[in-house]
1. Inspect all residues belonging to the stretch 310-317 and state whether any of them is touching a strand residue (DSSP E or B) at 6+ places or on another chain (Cβ under 7 Å) and closer than 23 Å to Leu242 by Cα.
2. Tell me, yes or no, whether the stretch 212-231 has at least one residue that is within 16 Å of the chain's Cα centre (by Cα), in contact (Cβ under 8 Å) with a residue 60 or more places away in the chain and more than 30 Å from Val279 (Cβ to Cβ).
3. Among the residues of the stretch 294-305, is any of a type in the set (Gly, Ala, Ser), touching a Cys at 6+ places or on another chain (Cβ under 7 Å) and under 15 Å from Tyr173 (Cα atoms)?
4. Out of (1) at pLDDT 95 or above; (2) touching a strand residue (DSSP E or B) at 6+ places or on another chain (Cβ under 9 Å); (3) within 26 Å of Thr5 (Cβ to Cβ), the odd one out for Met49 is which?
5. Where in the stretch 180-258 are there helices (runs of 4 or more DSSP H), lying wholly inside it, with at least 2 residues that are of a type in the set (Val, Ile, Thr)?
6. Can you say whether Trp30 is within 26 Å of Ala245 (Cα to Cα), without any contact (Cβ under 8 Å) to a residue 40 or more places away in the chain and crowded, with 20+ Cβ neighbours inside 10 Å, as far as the supplied structure shows?
7. Take the stretch 122-137 and flag every residue that is touching an Asp or Glu at 6+ places or on another chain (Cβ under 9 Å) and of a type in the set (Gly, Ala, Ser).
8. Tell me yes or no: at least one residue of the stretch 82-97 is closer than 30 Å to Thr355 by Cα, assigned by TED's automatic domain parsing to the domain that holds Ala247, assigned to a loop (DSSP other than H, G, I, E, B) and not aromatic (Phe, Trp, Tyr).
Amino acid sequence: MTPPTLSCVACGETVDEWTATRCDCGGPRWIDVDADDFGWDDVTDESGMWRYGSLLPVSSPGGLGDVAGDTPLVRTPRLDGVAGVNVHVKYEAANPTGSFKDRGSAVGVAWALDHGVDTVGTVSHGNMAMSMAAHAAGVDLDCVVLVPTDIPAERLGNIAQYDPTLVRVDGDYGKLYERSLELGAEVGVEFVNSDAPLRVEGQKTTVVEVLEAFAPDVPDAIVLPVSSGGHASGAWKAVRELRRAGAIDRVPRLYFVQATACAPIAEAFEAGADEVTPVTAGETVAYSIANANPPSGNRTLAAARETDGAVLAVDDEEILTAQRALAARAGLAVETSSATTLAGARRLAARGELTSEEDVVLVATGSGFKERGTSETPDVETVALDDLETVLGRTR
């Protein structure tokens, strides 16, 4: 397969070969897919997200990857009064490991198989770790998973069942992201982290599916939780590509929601800043999106502004209230980070940015069932960030 062209949204630089996934200016790159001639008639009968093969840089890897995507879009009228809008929920818990992360993991694993890479990896709070380990196991690839030391015990059990090399790393989580990419290049591990170009390609299909479901119309707005900015980047890339191709005649407003205790992107948006400043994370029930230094934070700001959307934060009480409403009024069990979308939509409606006549899609990114198990905590090695090179060297 011809190596993809990658470009940086921040400065416009384009590279013609697969090199560093981040630009010299510091911005994240994404893969340039030729989607200009795409139309809904090009959608195939392949399974999962692979129906959009002409929009993706790889073909399905087989195994678990075959069924990533193609999740339900549920009209939930009993939530309309809660949110103040016509609510549709994109239920990503229906993915193989229970979250949207399966989309990006499937693309990352497919790329590794195509290029003779034996080991893949990721840095994650939980969902992405579980997803990457599962997809690697399904096609007999080794997998390295690096998690922070404060990860909940039940998440360790969920990840460990897929038998990856699982390491808790004591150190700055943002620096761990960068260090994993550096060391991965040295030891031959393809780290498909939160906003990696391969992961963004898979994750953009969440919004492609939403837009196909509404075609020939378009939802008025799409609301997503945001952590690193990888899913936000995928959503933005999807609407840009489809609008350029003429598959949609207008772009929905994109709204991104964080938890108040850790909201660097929302704070930058409210301040009118062009760049996100790292913060000190506080404790929040929405642990999965508590990213104090989001690597694609600036790209998320650009996505919100270009689509006339916004980035906002909601507090833990709002999140828990929304989580209960999603279960009791729509029958949907979602994790706390997913519930930020309903809380965010409610707040946006209260301040007049969304109206009761509008169709709004809430992307429920992950299942609420994962952290209710009673599996034993596995014995996982813990290392200091400075010692990570020695540990990864064992994977050679």
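The values are calculated or read from the model by the stated rules, or taken from the named source; none is laboratory data. Just so we're clear, the structure is a prediction, and the values are computed from it rather than from any experiment. Glycine also receives a Cβ, built like all others from the backbone with ideal geometry; neighbour counts cover every protein chain displayed.
1. Yes: the stretch 310-317 contains one or more residues that are touching a strand residue (DSSP E or B) at 6+ places or on another chain (Cβ under 7 Å) and closer than 23 Å to Leu242 by Cα.
2. no
3. no
4. (2) is the only condition that Met49 fails.
5. Per the criteria, 205-214.
6. Answer is no for this residue.
7. Those that are touching an Asp or Glu at 6+ places or on another chain (Cβ under 9 Å) and of a type in the set (Gly, Ala, Ser): Gly126, Ser131, Ala133, Ala134, Ala136, Ala137.
8. Yes: the stretch 82-97 contains one or more residues that are closer than 30 Å to Thr355 by Cα, assigned by TED's automatic domain parsing to the domain that holds Ala247, assigned to a loop (DSSP other than H, G, I, E, B) and not aromatic (Phe, Trp, Tyr).
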